[in-house]
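Trainee: Below: one structure in structure tokens.
No lab work stands behind these numbers, since they all come straight from the coordinates. Since the structure is predicted, the reported quantities are computational estimates derived from the model, not experimental observations. Because the Cβ atoms are built from the backbone with ideal geometry, glycine has one as well, and the counts that use them run over all protein chains shown.
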Amino acid sequence: MADITKDSELIKSLENKINQVKSEIAKVIVGQDQVVEELIISLFAKGHCLLIGVPGLAKTLLVKTISEAMDLKFSRIQFTPDLMPGDITGSEVIEDDISTGKKSFRFVKGPIFGNIVLADEVNRTPPKTQAALLEAMQEHEVTVAGDTYILEEPFFVLATQNPIEQEGTYPLPEAQLDRFMFNIMLDYPSFKEEMEIVRSTTVEKKAKVNKVISGNEIIAFQNLVRRVPVAENVIEFAVKLVRSTRPAFNDSKFVKDYISYGAGPRASQYLILGAKSRAAVRGKFTPDIDDVKAVALPVLRHRIVPSFSAEADSISASDIVSKLIADIK
């Protein structure tokens with residue numbers, strides 16, 4: 001009973017901290033409330049995000065501002081076709097000992113050793129380099145010259161892709177896309193929001209972002225999210241939704257016509273983790289079906305493969321997921 005009371009107090013504390021974080025982010029970022037919330041949900045669920053949006057929508061600024069409000073080390077990797085795995089993980093360099101005259105190897109850490117890592121335009125670099133990033137995401141460690149180095153927690157990767165330019169890119173395979181908890185779509189701001197963006201960014205004065213939550217507090221809240229209880233009917237809804245994306249288990253003509261491959265069990269896990277995290281950051285002690293529905297689009301849109309018929313009929317993965325959510329009883 002004492003543990004339940006303690007967790008209830010922690011959830012209230014988390015809600016308060018998140019509201020403060022959002023207030024600090026709003027000093028710099030205009031609008032994008034849903035994007036900010038989805039990033040925060042993913043962070044507290046120990047997931048990573050793939051952010052898709054055209055250039056100039058302040059993706060880098062958004063991630064950097066979140067890291068500042070959360071007192072985390074921010075690291076940015078600009079992916080290019082000539083980037084090597086060592087440029088991400090780090091490499092060993094030869095060092096001279098002046099006193100003895102001997103040479104020795106010293107490991108120099110790469111930009112992956114950050115708390116929040118922005119992998120900018122991840123599809124611009126070859127698969128070998130992409131694999132180095134994705135391995136670190138999965139294992140939370142890197143191995144160089146036979147030595148393993150543990151990444152500091154909390155560890156959160158946000159990779160971006162430009163949906164317009166596809167020449168000279170290396171699209172991530174489906175199996176590697178599956179490692180991202182959320183696929184977040186960043187859209188253009190509204191007219192009023194764009195007016196405010198122009199007004200606030202063309203003056204000399206810059207807003208100061210205050211640090212409101214530490215890395216150790218984030219780790220404690222991440223562990224709290226795992227302890228959040230979930231009702232059986234909520235888990236049942238999440239599993240039914242994921243299974244409905246698989247043509248082999250769904251007799252619907254819509255699914256058989258428009259989906260080539262459905263989502264795997266990792267989607268079910270992330271639906272529940274996302275629902276837990278969303279409930280916790282909103283001050284709720286347990287998630288409901290609405291929380292699952294709220295995270296279903298970012299969890300599922302990159303885990304289903306639309307068929308050629310879907311592309312021919314201009315039906316996107318998001319359209320398919322929205323219809324499946326509406327159809328689940």
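Trainee: Net charge near ASN233, counting Lys/Arg +1 and Asp/Glu -1 over other residues with Cβ under 13 Å of its Cβ?
Mentor: -3
Trainee: Could you tell me what percent of the DSSP beta bridges with both partners in the chain are antiparallel, to the nearest 5?
Mentor: Counting DSSP beta bridges with both partners in the chain, the antiparallel share is about 45 percent.
Trainee: I would also like to ask the following. If the reach is capped at under 22 angstrom between alpha carbons, list the lysines near LYS205, excluding any in the same chain fewer than eight residues apart.
Mentor: Here the lysines satisfying the reach criterion relative to LYS205 are LYS22, LYS27, LYS59, LYS64, LYS192.
Trainee: Given the Cα-Cα distance of ARG266 and ASP82 and 0.36 nm per residue of separation, how much length would full extension add, in nm?
Mentor: Full extension from ARG266 to ASP82 adds 63.0 nm.
Trainee: Something else: Given Cα pairs under 8 Å that are at least 6 residues apart, what percent is the relative contact order of the range 11-160?
Mentor: It rounds to 26 percent for the range 11-160.
Trainee: Express the relative contact order of the range 229-329 as a whole percentage, based on alpha carbon pairs under 8 Å and six or more residues apart in sequence.
Mentor: 32 percent
Trainee: May I ask you to compute the full-extension gain from GLU15 to ARG106, defined as 0.36 nm times their residue separation minus their alpha-carbon distance, rounded to one decimal in nm?
Mentor: So the chain would gain 28.4 nm between GLU15 and ARG106.
Trainee: Now for a different question. Apply the Karplus parameterisation 6.51 cos²θ - 1.76 cosθ + 1.60, with θ equal to phi minus 60°, to every residue of the range 316-322 and state each ³J(HN,Hα) to the nearest whole Hz, in sequence, with x for glycine and proline.
Mentor: Working through the residues one at a time gives 8, 4, 5, 4, 5, 4, 4 Hz.
Trainee: Taking the Cα centre of the range 1-227 as origin, work out the dipole magnitude from +1 charges on Lys and Arg Cβ and -1 charges on Asp and Glu Cβ, in debye rounded to 20.
Mentor: 600 debye
Trainee: Still on this structure: Can you tally the lysine pairs in the range 229-329 where the Cα-Cα distance is under 22 Å and the two residues are eight or more apart, or on different chains?
Mentor: Going through the range 229-329 pair by pair, I get 16.
Trainee: From the helices alone, meaning DSSP H stretches of at least four residues, give me the mean residue ellipticity at 222 nm for the chain, per-run term -39500 (n - 2.57), in deg cm²/dmol to the nearest 500.
Mentor: -14500 deg cm²/dmol
Trainee: Okay, next question. So what is the diffusion coefficient of the chain in µm² per second by Stokes-Einstein at 10 °C and 1.306 mPa s, using a Kirkwood Rh over Cα pairs?
Mentor: 74 µm²/s
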